[in-house]
Amino acid sequence: MKVSAQHVDKLYGESIALRGVDFATADDTQVLVLIGPSGGGKSTLLRLLGGLESPTRGDIFHESTLLVQQTDPLRSFRRKNGFLFQAFNLFPHLTALQNIMLPIIHVHGQEAAAAKEVALSGLERFQLADHAEKRPAELSGGQQQRVALARSMAHDPDLLILDEPTSALDPEMKAEVLDVIEELVEAGQKIIFSTHEMGFAKAAADEVLFLAEGSVIAQGNPTEIFDNPPDERVGAFFSRVMKW
């Protein structure tokens, strides 16, 4: 998985979310992990890398192909990916089962019976089979997150993009979700994710990007970033989040 950004800025009105982002992964990268303080630009960069938004300035590349907004190749690129973002983006009027089935049928063209089988399997995997007929408002935040994660994985995506996949989970379920992600990594799934779980980031990543104040402060393999922080801001961050 080779992804890169060249001179990328992202503005929302007068607010600068990303500024001067430049990086390129190695061709054989399977797992790219984004870490850094909250508000540093990780979520915005994930949306750009997934082709959901376009930069205000600069270019995003995937496998040397420029991602250009509003093109058929970009829509095809999005369909091949799976996304989990912090807002979950579940349809409030649909049940958990229907939320997973909907993209399988309408985006990926599967028959309803096959889509239901896949969706039920995903719910069972995340211990949600008993909640299949509940709507999002009837689910806890952690349950909604697991439904969204099951939906993101349901079509066997080429690339899985996860924004803080364990943020709303209790410790026991957090460990189970991390185990699922670890299984996906071992099976060869390409993943880009952001996390505050530093131990997991170090264990799972091939490459790490450290973002702060909308810029990439450091890039390297986990040993380079965690064991010998290349910037004092990285070291200061680790001293806070890995204190206990």
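Give me a count of the residues in the stretch 4-19 that are small (Gly, Ala, Ser), over 13 Å from Arg47 (Cα atoms) and surrounded by 15 or more Cβ atoms within 10 Å (Cβ to Cβ). Can you show your working first?
Step one: filter the stretch 4-19 for residues small (Gly, Ala, Ser), giving 4-5, 13, 15, 17.
Still in the list and also over 13 Å from Arg47 (Cα atoms): 4, 13, 15.
Remaining after also requiring surrounded by 15 or more Cβ atoms within 10 Å (Cβ to Cβ): 4.
The qualifying residues number 1.
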Mind checking which residues of the stretch 112-134 are under 11 Å from Arg146 (Cα atoms) and open to solvent by 50 Å² or more (accessible area, probe 1.4 Å)? Glu124, Arg125, Gln127
Condition first: surrounded by fewer than 20 Cβ atoms within 10 Å (Cβ to Cβ) and under 17 Å from Glu124 (Cα atoms). Now tell me which residues in the stretch 178-194 satisfy that. Leu178, Asp179, Val180, Glu183, Leu184
Contact list please: Cβ distance under 7 Å, first residue in the stretch 107-126 and closer than 14 Å to Met153 by Cβ, second residue assigned to a loop (DSSP other than H, G, I, E, B) and open to solvent by less than 70 Å² (accessible area, probe 1.4 Å), pairs at least six apart or on different chains. His108/His155; Val118/Ala154; Ala119/Ala154; Leu120/Ala132; Gly122/Ala154; Leu123/Ala132
Pairs, please: C-beta under 9 Å, at least 6 apart or cross-chain, first residue over 16 Å from Thr95 (Cβ atoms) and in the stretch 144-168, second part of a strand (DSSP E or B) and of a type in the set (Lys, Arg)? Pro157/Lys190; Asp158/Lys190; Leu159/Lys190; Leu160/Lys190
So which residues in the stretch 57-79 are surrounded by fewer than 15 Cβ atoms within 10 Å (Cβ to Cβ) and part of a loop (DSSP other than H, G, I, E, B)? Glu63, Ser64, Val68, Gln69, Gln70, Thr71
Residue in the stretch 85-93 that is open to solvent by less than 30 Å² (accessible area, probe 1.4 Å), more than 27 Å from Gly39 (Cβ to Cβ) and over 19 Å from the mean Cα position of the chain (by Cα) present: no
Determine, yes or no, whether Phe200 is open to solvent by less than 30 Å² (accessible area, probe 1.4 Å), in a helix (DSSP H, G or I), out of contact with any Lys or Arg (no Cβ under 7 Å at 6 or more places or on another chain) and closer than 28 Å to Ala17 by Cα. no
Considering residues of the stretch 161-176 that are within 21 Å of Ser43 (Cβ to Cβ), modelled with pLDDT of 85 or more and of a type in the set (A, V, I, L, M, F, W, C) only, the residue surrounded by the most Cβ atoms within 10 Å (Cβ to Cβ): Leu162
Which numbered condition trips up Gly50, out of (1) without any contact (Cβ under 8 Å) to a residue 60 or more places away in the chain; (2) open to solvent by less than 40 Å² (accessible area, probe 1.4 Å); (3) not hydroxyl-bearing (Ser, Thr, Tyr)? (1)
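The values are calculated or read from the model by the stated rules, or taken from the named source; none is laboratory data. Because the structure is predicted, anything quoted here is derived from the model rather than measured. For neighbour counting, all protein chains shown are included, and Cβ atoms are generated from backbone atoms with ideal geometry for every residue, glycine included. Accessible surface is based on the protein model in full, side chains and every heavy atom, while ligands, DNA and RNA are left aside. Shrake-Rupley method; radii C 1.70, N 1.55, O 1.52, S 1.80 Å.
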